[in-house]
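The structure appears right after this line, and notes come after that.
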Amino acid sequence: MPIRLVARQTHSRLMTWLTPIIALVLSLIAGCVVFSLLGYPPLKSLYTFFLAPISDLYGVSELFIKAAPLAMIAVGLSMGFRANVWNIGAEGQLTIGAIVGSALPVYFPESDNALMLPAMLVLGVLGGMAWASIPAFLKTKMNTNEILTSLLLVYVAVLVLSTLVHGPWRDPGGYNFPESVVFQDAAVIPGILSGTRLHGGTIIALLVVLSVWLLFSRTVAGFQVRVAGLAPNAARYTGIHFNRVIWYVLLGAGGLAGLAGIIEVAGPIGQLQPIISPGYGFSAIIVAFLGRLHPIGILFASLVLALSYLGGEFVQIKMGLPLGIAGVFQGMLLFFLLASDLLINYRVEWRTSRKFDRARTD
Amino acid sequence: MWSCLTGLASLENWIQPDPESVPVRTRDPNEFIAMPASNSLLSMRGITKAFPGVVANDSIDFEIAEGNIHALLGENGAGKSTLVKIIYGYYSADAGTIYWQGEPAKISSPAHARQMGIGMVFQHFSLFEAMTVRENIELAVTSRKKGVELSDEIRSVSDAYGLELDPDRDVFSLSVGERQRVEIVRCLLQSPKLLIMDEPTSVLTPQEADKLFTVLRRLADQGCAVLYISHKLEEIRVLCHHATILRQGKVVTQCDPTQVDTKELAELMIGRSLKPPTAKAKKTGQVVFSVRNLCRAAESERNISLKDISFDVRTGEVFGIAGVAGNGQTELLGMLSGEVLADQDSAVSIDNVDCGRAGVQARRDLGLASVPEERLGHGVVGNMSLTENVFLSGHEKYGLSKNLLMHFSNARSYSQKICDEFDVRHSGIHVDASSLSGGNLQKFLMGREILQYPAVMIASQPTWGIDAGSQAAIHQSLLDLAENGAAVIVISQDLDELMALCDRISVMFAGQLSESYSVSSLTAQSIGLLMGGAQVELNQDVGNAN
């Protein structure tokens with residue numbers, strides 16, 4: 001055997017940060033192969049996918065708009081993942097957050113109260129938390145697997161949204177389209193850069209990421225979450241209540257997903273529609289891992305995943321490739337990341353030990 | 001499930017068919033100069049094996065004769081396991097030659113080693129708990145015999161050597177001593193010429209150990225050589241014909257252990273004179289820690305239920321809990337430290353405050369400190385730095401956190417203080433705790449708890465598997481703590497340790513705690529009886545000190 005995997009004595013810190021880059025490069029190479037197999041010129045396709053979308057200011061602003069919800073959701077999820085709580089239902093928490101926050105402009109479409117927008121954001125957070133509290137309750141009380149419950153609740157949430165926009169919340173003057181009223185100005189997040197759609201939500205996202213970073217590295221609660229994930233017995237030794245940690249991380253992640261949801265509808269979209277997210281809640285899982293569950297890493301990873309959304313749209317418009325190509329890239333990225341994460345705990349050895357011995361003794 | 005996985009992992013040692021396991025004859029130019037003696041079974045010349053950062057074996061010469069019981073003695077990290085793993089084909093040496101029955105040999109894998117006639121009983125057993133004895137043996141032994149035939153063979157081998165064993169019992173229902181017998185029989189079925197025993201008595205009662213010695217002597221009489229690895233000097237003097245002492249990867253000396261006294265052996269092993277822990281005049285005061293009728297039902301058949309445990313510990317006193325591992329000590333520690341709550345608040349009280357229903361933090365606030373048996377993963381988090389690890393206990397007491405924020409500068413100075421006062425050797429307080437050696441990690445853990453000046457200190461297996469130097473330091477720190485007025489509870493399997501430290505000792509057996517006996521009234525043999533559950537007779541023999 002020319003290649004052997006040898007366990008490292010301690011995990012490699014260098015590799016922890018290098019594997020996302022390795023995964024990115026491998027995805028690009030595999031992307032070339034996919035494009036050629038589909039009969040498109042690979043390099044031109046890659047250019048169209050990855051560089052063309054951000055070649056002007058408008059493109060860059062769109063990148064930030066898409067990265068903001070991803071980063072917000074991903075830092076929320078990363079708290080849970082650190083504590084071995086696997087909430088994969090952020091998409092549902094996002095949806096319910098958007099619905100609950102939208103209740104204000106839907107029921108008070110004339111109000112121009114200055115508190116309208118802040119109240120919507122708060123309701124968005126509460127909505128996401130409420131949705132996440134269901135898996136938290138089931139896990140702490142009945143030991144139900146949160147992976148299943150949180151995932152299944154995504155579909156429930158999307159159906160709730162669909163019911164509302166097709167029924168009671170449909171805009172009476174909206175020509176029967178399944179959409180809510182277009183939110184009044186007081187219920188829309190203001191833009192921050194003229195000529196683009198960039199809005200205040202991006203700044204909120206940045207602040208959220210930075211505060212989670214502080215929370216995680218500086219507070220006792222953040223420390224407890226990390227201990228609970230790294231060494232459950234040590235957590236018991238410290239006197240950490242696991243159920244409390246489960247509640248913390250699920251409510252935290254749900255709240256942030258809900259915030260991302262209401263920012264989407266009160267920002268770029270401006271009304272409730274049957275589909276308000278291109279799967280941000282699921283892509284955020286990839287963002288969290290690509291960013292090594294670290295807030296700053298997540299900031300960069302969210303830009304990468306945002307680019308995959310933009311690139312997918314671009315190759316569809318410019319070259320007629322199917323939109324699913326974005327999903328293919330996201331999948332490959334996660335796949336290569338998980339595979340190359342092996343290098344964190346193992347190193348590759350090219351010669352067998354027997355050869356090595358012979359070289360020494362001969 | 002878990003035990004099944006560990007079983008699988010360690011079974012790799014066993015099931016490893018290797019197509020290249022034919023011995024490779026290599027002519028060594030030195031062969032004629034360094035030929036081993038004629039009755040030598042295994043002889044090693046100039047064995048060197050280096051790992052990144054450490055030379056584990058440094059040109060070791062070693063010889064074992066047929067029918068000999070040969071001790072391999074050394075501290076942790078002296079290179080015993082590496083040498084043994086080279087013999088067992090698990091590692092290959094970087095340099096040096098192995099002679100097997102006078103012929104140069106290359107042992108390429110454990111399978112090859114067994115084929116040559118080398119058997120090994122590991123310290124940690126590689127058995128599947130959910131399977132029967134016969135099934136476990138069937139899996140590992142490449143024998144043509146199956147089923148009933150194999151059962152008969154197991155019975156005949158175990159009868160021949162006095163190893164009572166029922167082939168049809170499930171392994172999880174066996175005691176540790178019985179499990180070890182399964183491992184031994186598994187080796188004997190392949191009629192080995194050399195049997196390697198890695199710290200075999202660390203899990204046995206003195207009586208079980210005596211039985212084992214009888215078996216080993218019988219084996220040796222029949223010509224099988226035994227390589228016996230241990231750091232228990234007394235048993236080496238009783239059992240072994242020869243001893244090779246390793247220190248820092250080199251052979252220090254070879255001797256006849258029966259001709260050398262224990263102290264001398266110890267000093268050869270650690271390379272300097274050993275200061276036994278000294279306790280000054282003790283003043284024991286009022287009861288500060290008391291346990292009343294503590295019960296707990298087992299959660300599963302793998303757990304031990306605790307039955308009506310009561311004891312008191314006074315200030316300035318060291319109280320020992322002896323017993324073979326797996327008799328409920330782990331469960332007891334969890335209930336004493338507050339990781340598991342008792343049903344009654346009165347079950348545990350610290351300084352006359354009932355806290356059986358209070359959690360870990362509340363008990364710490366009352367002055368309790370505990371050091372669990374398992375260091376990495378329970379006492380410290382391996383993937384966190386030493387500085388972060390001090391937050392695990394007592395962060396409020398030491399001003400390490402304020403208003404829910406962590407104060408890293410205080411934590412750094414506190415962890416530095418621990419390392420300085422307890423001589424923890426490390427490459428920086430920012431390094432991961434897992435990079436520390438067992439002894440240093442334990443000193444760090446002890447320091448972290450002791451520097452909080454606890455009123456009650458519970459230490460479980462405080463010196464398990466660590467070097468003699470650290471062991472002495474830890475013993476001394478526990479005695480100092482008691483001298484300063486703390487109540488100290490030591491849970492240990494190591495009788496020598498308990499006899500050296502404690503004022504009173506109780507024995508844990510099958511979830512029950514015996515009466516306590518003052519150390520002066522006890523001998524290792526009488527504790528051994530208690531460890532085997534023979535409570536009644538001893539009460540008459542020894543009498544109750546309380």
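The values are calculated or read from the model by the stated rules, or taken from the named source; none is laboratory data. On a predicted model such as this, the values are computed, not experimentally measured, just so you know. Using ideal geometry, Cβ is built from the backbone for each residue, glycine included, and neighbour counts are taken over all protein chains shown. These accessible areas exclude ligands, DNA and RNA; they are computed on the full protein's heavy atoms, side chains included. Shrake-Rupley method; radii C 1.70, N 1.55, O 1.52, S 1.80 Å.
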Item checked: Total accessible surface hidden between B and A, rounded to 100 Å², 1.4 Å probe -> 2500 Å²
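In region B:287-542, what is the volume of the convex hull around the alpha carbon atoms, normalised per residue and reported in Å³? It would help to have the intermediate numbers written out before the result.
Working: hull volume 31.8 nm³, N = 256.
Per-residue hull volume (Cα only) is 124 Å³.
Please compute the Kirkwood hydrodynamic radius over chain A, one decimal place, Å, based on all pairs of different Cα atoms.
Answer for chain A: a Kirkwood hydrodynamic radius of 21.9 Å.
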Margin query: For chain B, what does the relative contact order come out to in percent, with C-alpha contacts under 8 Å and a separation of six or more?
Written below: 14 percent
Notebook entry, point to check: Rolling a 1.4 angstrom probe over the protein heavy atoms, how many square angstrom per residue are accessible across region B:287-542?
Noted result: 36 Å²
Note to self: I'd like the distance separating the alpha-carbon centroids of region B:213-233 and region A:218-232, in whole Å.
What the structure shows: 48 Å
Item checked: P(r) weight above 16 Å for region A:108-174, C-alpha pairs, percent -> 65 percent
Checklist line | Cα-based helix-to-principal-axis angle, B:408-421 vs chain B, degrees rounded to 10 | finding: 60 degrees
Next item on the list: Report, in deg cm²/dmol and to the nearest 500, the calculated mean residue ellipticity at 222 nm for chain B, where each DSSP H run with n ≥ 4 adds -39500 (n - 2.57) and the sum is divided by the residue count.
Entry: -9500 deg cm²/dmol
Check: Do the alpha carbons of any pairs in B:211/B:250; B:106/B:193; B:49/B:417 sit beyond 28 Å of each other, and which pairs?
Finding: B:211/B:250; B:49/B:417
Notebook entry, point to check: Considering region A:237-280, what Rg and Dmax in Å follow from its alpha-carbon atoms?
Noted result: 15.6, 50
Margin query: Taking each residue in B:88-94, count the Cβ atoms of any other chain within 10 Å of its Cβ, then average. What number comes out?
Written below: 2
Checklist line | Kirkwood hydrodynamic radius over Cα pairs of the protein assembly as shown, then Stokes diffusion coefficient at 20 °C and 1.002 mPa s, in µm²/s | finding: 67 µm²/s
Note to self: Could you sort the peptides A:249-260, B:331-342, A:277-288 by per-residue average Cβ neighbour count (10 Å cutoff), highest mean leading?
What the structure shows: A:249-260, A:277-288, B:331-342
Check: What average count of beta carbons from other chains do you get within 10 Å of the Cβ of residues in B:305-311?
Finding: 0
Check: Using alpha carbon coordinates only, what is the Rg to Rh ratio of region B:78-184, with Rh defined as the Kirkwood radius?
Finding: 1.03
Check: Which one of B:46, B:528, B:491 has its Cα pushed farthest toward the positive end of the charge dipole of chain B, where Lys and Arg give +1 and Asp and Glu give -1 at the Cβ?
Finding: B:46
Margin query: How many angstrom lie between the Cα centre of region B:324-401 and the Cα centre of region A:170-196?
Written below: 56 Å
Margin query: If you restrict to DSSP beta bridges whose two residues both lie in region B:287-542, what percentage is antiparallel, to the nearest 5?
Written below: 50 percent
Checklist line | Listed residues A:132, A:206, A:294: farthest to the positive end of the dipole of region A:67-294 (Cβ charges) | finding: A:294
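Counting only C-alpha contacts under 8 Å and six or more residues apart, can you give the relative contact order of region B:287-542 as a whole percent?
26 percent
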Note to self: Counting only protein heavy atoms and a 1.4 Å probe, tell me what percentage of the protein assembly as shown's accessible area is made up of carbon and sulfur.
What the structure shows: 58 percent
Check: Pairing the Cα long axis of helix B:206-221 with the longest principal axis of chain B, what angle in degrees results, from 0 to 90 and rounded to the nearest 10?
Finding: 10 degrees
Note to self: Using C-alpha positions alone, give me the convex hull volume of region A:129-255 per residue in cubic angstrom.
What the structure shows: 156 Å³
Notebook entry, point to check: When only DSSP loop residues count, what trypsin sites (Lys or Arg not before Pro) in region B:90-181 have their Cβ near at most 11 other Cβ atoms within 10 Å?
Noted result: B:144, B:146
Check: Where in region A:143-181 are there chymotrypsin sites (Phe, Trp or Tyr not before Pro) that are in a DSSP coil and have at most 15 other Cβ atoms within 10 angstrom of their Cβ?
Finding: A:175
Notebook entry, point to check: In terms of modelled amide H atoms, which long-range or inter-chain residues lie less than 5 Å from the amide H of residue B:370?
Noted result: B:458
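Given N residues in chain B, what is Rg(Cα) / (2.2 N^0.38 Å)?
Numbers: Rg = 24.8 Å, N = 546, 2.2 N^0.38 = 24.1 Å.
Dividing the Cα Rg of chain B by 2.2 N^0.38 Å gives 1.03.
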Check: Dipole of region B:287-542 (Lys/Arg Cβ +1, Asp/Glu Cβ -1, origin at the Cα centre): which of B:400, B:468, B:433 lies farthest to the positive side?
Finding: B:400
Note to self: Quick check: the angle from helix B:468-483's long axis to the longest principal axis of chain B, C-alpha only, nearest 10 degrees?
What the structure shows: 20 degrees
Notebook entry, point to check: Considering only DSSP beta bridges whose two residues both sit in chain B, what percent are antiparallel, to the nearest 5?
Noted result: 55 percent
Next item on the list: Just the number, please: percent antiparallel of the DSSP beta bridges in the protein assembly as shown, rounded to the nearest 5.
Entry: 55 percent
Next item on the list: Report the accessible area of residue B:355, computed with a 1.4 Å probe over the heavy atoms of all protein chains in place, in Å² rounded to the nearest 10.
Entry: 0 Å²
Next item on the list: Give the Debye-formula value of log10 I(q)/I(0) at each listed q (0.17 Å⁻¹), with one equal scatterer per alpha carbon of region A:1-76, two decimals each.
Entry: -0.96
Check: Counting only heavy atoms of protein chains, what accessible area per residue, in Å², does region A:67-294 have with a probe of 1.4 Å?
Finding: 40 Å²
Checklist line | Length-normalised contact order of region A:60-217 in % [C-alpha pairs under 8 Å, at least 6 apart] | finding: 31 percent
